[in-house]
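A quick write-up on the structure given underneath.
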Amino acid sequence: MRAALTVLSLTIVFGAPAAHAQYTAKEWPEGPSKARFAATCDGCHDINRIRVGYTAEGWLSVVRMMQNVNAPVPAEEWGAMTDYLIKNFPERSRPPAAIIDGPVKADIRMWDVPTLGSRPHDPLAARDGSIWWTGQLANKLGRLDPKTGAIREYTLKSALTGPHGLAEDKTGNIWFTGNSAALIGKLDPSTGLVTEYPLPDASAKDPHTLNFDQSGMLWFTVQQANMIGRLDPATGAVKLVTSPTPKSRPYGLKINAQAVPVVVEFGTNKIATVDPQTMAIKEYALPNPAARPRRLAIDSDGMVWYADFSRGYLGRLDLATGDVREWPSPSGARSEPYGIVFTHKAVWYSESAAKPNTIVRFDPVTEKFQSWAIPGGGDIVRNMDVAPDGNPVIADSLTNQVGLVAMK
């Protein structure tokens, strides 16, 4: 079981497993760690994902992530392995960030996460003003008080849980998806105790994003299993339904004002709604077949805003009519828009591939963009949330940080 969970955790960083016979060992760069690299990395994920590359600092962070999930490399070989990765797989070419001035003044504050290689995935802005994050490869949840800078981390119940999404219930408990352990978890911050709810279907291996509806039901996506789920916190009962489109990969999930779950399907060009009573799924196809919506936000009029990761677009879907509008993201087609929220009458999102990563604001009235560089360069804001005062919060996976966009 530990070996299987290690494979899942390594897959989180580099992508889904694939047939590994595509390349032979002789095709990799020569070096003292070549054999170890080929044997270890190819045993757990598609080794060709390594070709995207990182900066030296990025590789140091990735290596620490691999150590956190017990990658089978002897301790004395990690130094040489790290040197091999830094030398042979530098960061790929990335589009320069387009920094656009505008009417809003904002400061972006960043805090380092204590556990190295934690890979902060999703942030959560709690009602008390604190910022939570999932330490996906550290097996921890973390809490930051942005007023004092005080940080506390909570170690989870089961090893290699792979915490991913976060949601807060009405009593202050913090719920999370156990992406590597096929479970939904609940943390009581006052005691540190964790309750686990295993998923009832063995194929539902990777619960992803979760959110509460107005009645207190917890909804979640199961990306690789192509499912959407509902958990009743009162009974612990879990129900799963399969997406109508094969390999649609249900990803980001929000609840609209009518208590209807809205889901973006990252494996196809579709957005879906779920009937809260019957769990019937209705899909809306986006006009461009290449669209791959990854995260979404819902505005006060019920419009669904989505980040089109594959094409570098910001989009808007009207659920009432099915109409879609799209705008090119400022840093271009390769900018990979990702985490997104709607707050203070505007869309805020991050371009995860721009160099440096950006925070982008889009005004739906004027249809104008404004953008800021994330201090330190940022790297991969996978999700965002909104604090009680309306300010966006972020988590940066590779730089091991959480942040707050403070509007003036």
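The values are calculated or read from the model by the stated rules, or taken from the named source; none is laboratory data. Keep in mind it's a predicted model, so treat the numbers as computed, not measured. Methodologically, a virtual Cβ is constructed for each residue, glycine included, from the backbone with ideal geometry; neighbour enumeration extends over all protein chains shown. For accessibility, only protein heavy atoms count, side chains too; no ligands or nucleic acids. Shrake-Rupley method; radii C 1.70, N 1.55, O 1.52, S 1.80 Å.
Pairs please, first residue from the stretch 370-398 and at positive phi and touching a residue at least 60 places away in the same chain (Cβ under 8 Å), second anywhere and surrounded by fewer than 23 Cβ atoms within 10 Å (Cβ to Cβ) and assigned to a strand (DSSP E or B), Cβ atoms under 6 Å, 6+ apart in sequence or on different chains.
none
Where residues in the stretch 345-381 are over 23 Å from ARG325 (Cα atoms) and charged (D, E, K, R), which of them is farthest from the chain's Cα centre (by Cα)?
LYS355
If you check ALA167, ALA159, which single one turns out to be part of a loop (DSSP other than H, G, I, E, B) and among the small types (Gly, Ala, Ser)? Give the derivation first.
Numbers: ALA167 fails: part of a loop (DSSP other than H, G, I, E, B).
Within the list ALA167, ALA159, the selection yields ALA159.
Quick one: in the stretch 146-156, of everything that is part of a loop (DSSP other than H, G, I, E, B) and either of a type in the set (A, V, I, L, M, F, W, C) or out of contact with any strand residue (DSSP E or B) (no Cβ under 8 Å at 6 or more places or on another chain) (or both), which residue is nearest to VAL194 (Cα to Cα)?
Filtering the stretch 146-156 for residues that are part of a loop (DSSP other than H, G, I, E, B) and either of a type in the set (A, V, I, L, M, F, W, C) or out of contact with any strand residue (DSSP E or B) (no Cβ under 8 Å at 6 or more places or on another chain) (or both), the one nearest to VAL194 (Cα to Cα) comes out as LEU156.
Being of a type in the set (Phe, Trp, Tyr), under 25 Å from VAL341 (Cα atoms) and open to solvent by less than 10 Å² (accessible area, probe 1.4 Å): is that true of TRP132 here?
When the stated conditions are applied, TRP132 passes them.
Looking at PRO123, PRO32, PRO96, which one is in contact (Cβ under 8 Å) with a residue 40 or more places away in the chain and over 30 Å from LYS408 (Cα atoms)?
Matching residue, one of PRO123, PRO32, PRO96: PRO32.
Open to solvent by 20 Å² or more (accessible area, probe 1.4 Å) and either closer than 25 Å to TRP132 by Cα or among the small types (Gly, Ala, Ser) (or both), is that true of PHE212?
yes
Tell me the strands (runs of 3 or more DSSP E) entirely within the stretch 240-314 that contain at least 1 residues that are hydroxyl-bearing (Ser, Thr, Tyr). It would help to see each step written out before you state the result.
Working: elements: 250-255, 261-265, 270-274, 281-285, 293-298, 304-308.
In the stretch 240-314, 250-255, 270-274, 281-285, 304-308 are the strands (runs of 3 or more DSSP E) which contain 1 or more residues that are hydroxyl-bearing (Ser, Thr, Tyr).
Kindly evaluate LEU85 against the criterion of being over 24 Å from PRO375 (Cβ atoms) and surrounded by 15 or more Cβ atoms within 10 Å (Cβ to Cβ). So that I can check it myself, show each step before the final result.
On the way: over 24 Å from PRO375 (Cβ atoms): yes; surrounded by 15 or more Cβ atoms within 10 Å (Cβ to Cβ): yes.
It is true that LEU85 is over 24 Å from PRO375 (Cβ atoms) and surrounded by 15 or more Cβ atoms within 10 Å (Cβ to Cβ).
Out of ILE108, ILE86, report the one residue that is under 30 Å from PRO330 (Cβ atoms) and of a type in the set (A, V, I, L, M).
None of the others qualify; the one that does is ILE108.
Pull up the stretch 135-155, narrow it to residues that are over 18 Å from ALA181 (Cα atoms) and buried (at least 19 other Cβ atoms within 10 Å of the Cβ), then point me to the one that is nearest to the chain's Cα centre (by Cα).
Only one residue fits best here, namely GLY142.
State yes or no: is LYS186 in contact with a Phe, Trp or Tyr (Cβ under 9 Å, 6 or more places away or on another chain), open to solvent by 40 Å² or more (accessible area, probe 1.4 Å), of a type in the set (Lys, Arg) and free of Cβ contacts under 8 Å to residues at least 60 places away in the same chain?
yes
Any residue at all in the stretch 105-123 that is closer than 30 Å to ALA39 by Cβ, out of contact with any Gly (no Cβ under 6 Å at 6 or more places or on another chain) and part of a strand (DSSP E or B)?
Yes.
Check VAL7, VAL63 and return the single one that is assigned to a helix (DSSP H, G or I) and at pLDDT 80 or above.
None of the other options fit; the residue is VAL63.
Suppose we keep only residues that are among the hydrophobic types (A, V, I, L, M, F, W, C) and over 16 Å from ASP101 (Cα atoms) within the stretch 348-371. Which one would you say is surrounded by the fewest Cβ atoms within 10 Å (Cβ to Cβ)?
First, the residues of the stretch 348-371 that are among the hydrophobic types (A, V, I, L, M, F, W, C): 348, 353-354, 359-360, 362, 365, 369.
Right, trim to over 16 Å from ASP101 (Cα atoms) and you get 353-354, 365.
Numbers: ALA353: 23, ALA354: 29, VAL365: 7.
Across the stretch 348-371, the extreme among qualifying residues is VAL365.
Could you list, in sequence order, all residues of the stretch 195-209 that are open to solvent by less than 30 Å² (accessible area, probe 1.4 Å) and touching a residue at least 40 places away in the same chain (Cβ under 8 Å)?
Across the stretch 195-209, the qualifying residues are LEU199, ASP206, PRO207, HIS208, THR209.
Given (1) surrounded by fewer than 18 Cβ atoms within 10 Å (Cβ to Cβ); (2) out of contact with any strand residue (DSSP E or B) (no Cβ under 8 Å at 6 or more places or on another chain), where does ARG311 come up short, assuming only one miss?
Only one criterion in (1) surrounded by fewer than 18 Cβ atoms within 10 Å (Cβ to Cβ); (2) out of contact with any strand residue (DSSP E or B) (no Cβ under 8 Å at 6 or more places or on another chain) is unmet by ARG311, namely (1).
Only strands (runs of 3 or more DSSP E) wholly contained in the stretch 333-379 count here; list those with 2 or more residues that are closer than 23 Å to PHE266 by Cβ.
337-343, 346-351, 358-363
Only one of these is β-branched (Val, Ile, Thr), within 30 Å of LYS157 (Cβ to Cβ) and touching a Leu at 6+ places or on another chain (Cβ under 6 Å): THR235, THR209. Name it.
Details: THR235 fails: touching a Leu at 6+ places or on another chain (Cβ under 6 Å).
Selected residue: THR209, the only one of THR235, THR209 that is β-branched (Val, Ile, Thr), within 30 Å of LYS157 (Cβ to Cβ) and touching a Leu at 6+ places or on another chain (Cβ under 6 Å).
Any idea which of LYS247, LYS270, LYS282 is over 13 Å from HIS208 (Cβ atoms), more than 23 Å from the chain's Cα centre (by Cα) and of a type in the set (D, E, K, R)?
LYS282
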